[in-house]
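Laboratory data are not the source of any read-out in this text; all were calculated from the coordinates shown. Just so you know, these numbers come straight off a predicted model, no measurement behind them. Don't worry about glycine lacking a Cβ; one is built from the backbone with ideal geometry, like all the others, and counts go over all protein chains shown.
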Amino acid sequence: MIISISVLSAFLTVIFATSGIAKVTRNARALERSSKFGFSSRDYHAIGVLELAGAAGLMAGLWVVPLAIAASLGLMLLMAGAVVSHIRIKDPITISFPAVGLGLLAALSTALTTAVA
């Protein structure tokens, strides 16, 4: 089970780090999305910082299990907020699916890590 958790953590780290970097560096595409959701540039930057913190927590959590649990819970909540944002602007499910999928993977990470702890 440790290998599964490690692979899942690495996958989520890459996804959230990439997304967080785009938001923190104020990538043009990320800024375009922020206005679509009604977020200010500052708000989207803060979301990026949270994604980067979650990604770092997942990696550090390979050695400090409570940190992995906290990071995956935080990312799960962040994705719940993303799903709500997609619903609020009436995005089709095909656009909302990545947030749903990543939220479920973060929940799986939480469950697996808690089971091993």
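Give me the dipole magnitude in Debye, nearest 20, for the chain about the Cα centre, with unit charges on the beta carbon: positive for Lys and Arg, negative for Asp and Glu.
Computed charge dipole of the chain: roughly 320 debye.
At 7 Å along Cα-to-Cβ for each site, give me the label-to-label distance between residue 84 and residue 108 in nm.
Placing both labels 7 Å along Cα→Cβ, they lie 2.5 nm apart.
What stretch of the chain, leaving out the sites themselves, is the longest with no trypsin sites (Lys or Arg not before Pro) in a DSSP loop having at most 15 other Cβ atoms within 10 Å?
27-89
What's the FRET efficiency of residue 26 with residue 56 using the Cβ-Cβ distance as r and R₀ = 22 Å, to the nearest 0.05?
Efficiency at R0 = 22 Å is approximately 0.65.
For n ≥ 4 DSSP H runs only, could you compute -39500 (n - 2.57) per run for the chain, divide by its residues and tell me the 222 nm figure to the nearest 500?
-30000 deg cm²/dmol
Towards the positive end of the charge dipole of the chain, with charges on Cβ (+1 Lys, Arg; -1 Asp, Glu), say which of 83, 31, 12 has the farthest Cα.
31
With angles folded into 0 to 90 degrees, how steeply does helix 65-88 sit against the dominant principal axis of the chain? Use alpha carbons for both and round to 10.
Roughly 30 degrees between the two axes.
Can you pull the one-decimal nm distance between simple spin-label points at residue 33 and residue 63, each 7 Å off the Cα toward Cβ?
It is 3.1 nm.
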